[in-house]
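Just so you know, all these numbers are worked out from the coordinates, no wet-lab data involved. This is a predicted model, so every value here is computed, not measured. Every residue, glycine as well, gets a Cβ built from its backbone with ideal geometry; the counts of neighbours run over all protein chains shown.
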Amino acid sequence: MSAPPSSITRPPPDPPELPHQRLRQLLGGGWIFLLLVVLIAVFGILRPTQFGSAYNLSQLTINAAILLVLSVGQTFVIIAAGVDLSVGAVLVFCSVLSAKVMLHLSGAPGTSFGTTDTSWPVILVGSITAIAAGTAWGALNGVLIGMVRIPPLIVTLGTFGMALGFSQLLTNGVDVRAMPELLVANIGSGSILGIPSLVVIAALVTIVMAIVLHLTRFGVRVFAIGSSLEATRRAGINVHAQLVAIYAISGALAGVAAIMANARFATTTIGGHSLDNLATISAVVLGGTSLFGGIGSIAGTVVGVFIPIILLNGFVILGIPPFWQTVATGAVLIVAVWIDQMKRRTQRG
Amino acid sequence: MTVPLLEARRICRYFGHVRALDGVDFAVYPGEICALIGDNGAGKSTLVKILSGADSATSGEILVAGEPRSFHSPGDAQAVGIITVYQDLALAPELSPADNLFLGRELLLPGVFGRLGFVDRPTMRRQSAEQFARLGVTLRSSRVAVSSLSGGQRQSVAIARAAMWANRVIFMDEPTAALGVIQSARVLDLVRQVRDAGIAVVIISHNIPQVIEIADRIAVLRLGRNAGQFHRADATVENLTAAMTSGTSGIEAGP
């Protein structure tokens, strides 16, 4: 800024972005990615045969797959300065509804256990049901937040309870334990080109949604809404519709995760997702996405999902009581937010 | 006499019993910087809101280039090239200056990728750099977040953004209220650059010395009514203050 104010000066060209800077930006700060690398290195060196075994690594990625799909949706919501507490309950609702539909169409008795010999078309109908139900719950969240202007924390806490309650009403609180054999064998425990199917699905979802978030107009506007809702509105963007779409994406991905959970566990898991919302929020925030909106990345979220999973796995292998994992994850989460705030303060100062 | 780019005739705006505007006339001509001044509650903001589509008049006419128009939303005003730079900037702080310039008007890639909604970041960056260069705005980088820029630079980005999409009138609400002396000078210089590019600028301000320095013409409002108009040459702190506070009419001035 040394040019006199009245002269028209060409701005100096932007310094070329170095690849490592770009990577750092993508990973939301870099240090959390380093932490992941260090964790893998430490466990890999201490117990190379157990930790580094192909079986263990594929189990790790399978464990991460469902949480990753939910967290990708949560990333969109948090970048838009919102939060979605309903993801786990919507997953349960979608899995129950989808399982009920498939069971009904298979003609098997409603009380049957184990697997049913249902055909692919029925599985397809069940899957569409799950994704449609998830999208509907998400759109409801979006309408209440964007148009009725109720805070996201309250709306999604409400739909969390409602989705879980409806699931229990649909099933009398008893899990549906009959899943199509084809679904369980091919998606749940099958693999495509040697990679577990669940991991393939999670990877595809992640890549597609990363492209949507970082390269499209829709994605730019997700960041804009989280950065300043008012500025976005004044720029002539329909922020209501955008918010509905953002929460609908989170709901739809909960529907996808529901199909994956049904396939993996061969049963619905009504009681198993009460903490999914907190797990996804902590994964997203660990990955460098700001709880205040406007900043974040899918790549960071991938790292954030793997950190608690690798910690747990490593602790189990090392014989450390696995309960330490929740302690360690909690501490890392607090440190992550602290570092994010420090960075913001220095930037704004 | 030139046709005004934007003209308001006998604008009234009542809020219940309160007459915020009571038959105000106002006109903006091509290639001028016009200041709109008045004490608190004089109706400046209400008038600007009406002229930029954010509010509707109870009665009165708005003419754009001589044609009667009605604005039902800021979008209607923006569509005819009238844009407002708000006091609180209305930028998205976490986005880059380039993304801010194109917010709501993002350029898409040509062909099939564009139809899928892919943005053309290189072109947006290049065009923003050109726009900043045209207006003499120097930024460290067009990639860093707007939040890391100084107040004056942020204001410059907001004005450059308005100048990019306005082809008739830009309203600026207190453009230098939060800025220091040097930064204010830069922003005022930018305002002149915008005028010289052929866009009329209306500045709403409390700062009388600054208004005398920058404006070609000064319109005064008092208690929702016209309280005089001054050419720059005739304006002094004394007679502007008098007009603002006592309603003494100044010299009637055209363009």
Amide N of the stretch B:208-239 lying under 12 Å from the label point, which is placed 7 angstrom from the Cα of B:ASP25 along Cα→Cβ: B:226-229
Helix-only mean residue ellipticity at 222 nm, chain B, DSSP H runs n ≥ 4 weighted -39,500 (n - 2.57), per residue, nearest 500. What is it? -9500 deg cm²/dmol
Taking just the alpha-carbon atoms of the stretch B:6-246, what radius of gyration and Dmax come out, in angstrom? 18.6, 64
Ranked on Cβ counts within 10 Å of their own Cβ, fewest leading, A:TRP324, A:TRP338, B:TRP165 go A:TRP338, A:TRP324, B:TRP165
To the nearest 20 debye, the stretch B:1-71 has a Cα-centred charge dipole, built from +1 on Lys and Arg Cβ and -1 on Asp and Glu Cβ, of 180
Amide H contacts under 5 Å for B:ASN226, placed H, 5+ residues apart: B:ASP25
For the protein assembly as shown, give the magnitude of the charge dipole about the Cα centre (Cβ charges: +1 Lys/Arg, -1 Asp/Glu; no others), in debye to the nearest 20. 560
Taking placed amide H atoms and a strict 5 Å upper bound, the residues 5 or more places from B:PHE171 or on another chain that come that close are B:ILE83, B:THR84, B:VAL85, B:VAL202
Run the dipole for chain B about the Cα centre, Lys and Arg Cβ at +1, Asp and Glu Cβ at -1, nothing else charged, and hand back the magnitude in debye, nearest 20. 580
Under 5 Å between amide H atoms, partner at least 5 residues away or on a different chain: which partners does B:ALA35 have, H built in plane at 1.01 Å? B:ILE203, B:ASP216, B:ARG217, B:ILE218, B:ALA219
Which Cα, out of B:MET172, B:GLY104, B:SER142, lies furthest along the positive dipole direction of the stretch B:77-192 (beta carbon charges, K/R +1, D/E -1)? B:SER142
Taking every DSSP beta bridge that has both residues in the stretch B:141-238, what percent is antiparallel when rounded to the nearest 5? 50
Find how many whole Å separate the alpha carbon centroid of the stretch B:202-248 from the alpha carbon centroid of the stretch A:165-179. 73
If one takes the longest principal axis of the Cα atoms in chain A, at what angle in degrees, from 0 to 90 and to the nearest 10, does the Cα axis of helix A:54-79 lie? 60
Enumerate the calculated ³J(HN,Hα) couplings along the stretch B:222-236 in order (Karplus 6.51 cos²θ - 1.76 cosθ + 1.60, θ = phi - 60°), each rounded to whole Hz, writing x wherever the residue is Gly or Pro. 9, 6, x, 10, 5, 10, x, 9, 10, 6, 3, 5, 8, 7, 10
Could you tell me which residue out of A:HIS273, A:VAL285, B:LEU188 lies farthest along the dipole of the protein assembly as shown toward its positive end? Charges go on the beta carbon: Lys and Arg +1, Asp and Glu -1, centred on the Cα centre. A:VAL285
So the angle from the long Cα axis of helix A:276-286 to the longest Cα principal axis of chain A, reported in degrees to the nearest 10, equals 30
Angstrom value of the Kirkwood radius, inverse mean 1/r, which spans all Cα pairs in the protein assembly as shown: 27.2
Bridge orientation stat for the protein assembly as shown from DSSP, antiparallel percent rounded to 5, came to 55
At what distance in angstrom do the alpha carbon centres of the stretch B:107-164 and the stretch B:37-84 lie from each other? 27
Counting DSSP beta bridges with both ends in chain B, the antiparallel % (nearest 5): 55
Mind ranking A:182-193, A:61-72, A:304-315, B:192-203 by how tightly packed they are, going by the mean number of other C-beta atoms within 10 angstrom, highest first? A:61-72, A:304-315, B:192-203, A:182-193
What helices does chain B hold that run 18 Å or longer along their axis, going by alpha-carbon atoms, with a Kyte-Doolittle average of -0.5 or more, using DSSP H for the helix calls? B:151-165, B:181-196
Would you mind calculating the relative contact order of the stretch B:6-246 from Cα pairs under 8 angstrom and at least 6 residues apart, reporting the percent as a whole number? 28
Given chain A, report the % of alpha carbon pairs whose separation exceeds 29 Å. 44
Given charges at Cβ of Lys, Arg, Asp, Glu: chain A dipole, positive-most of A:SER98, A:ALA80, A:VAL212: A:ALA80
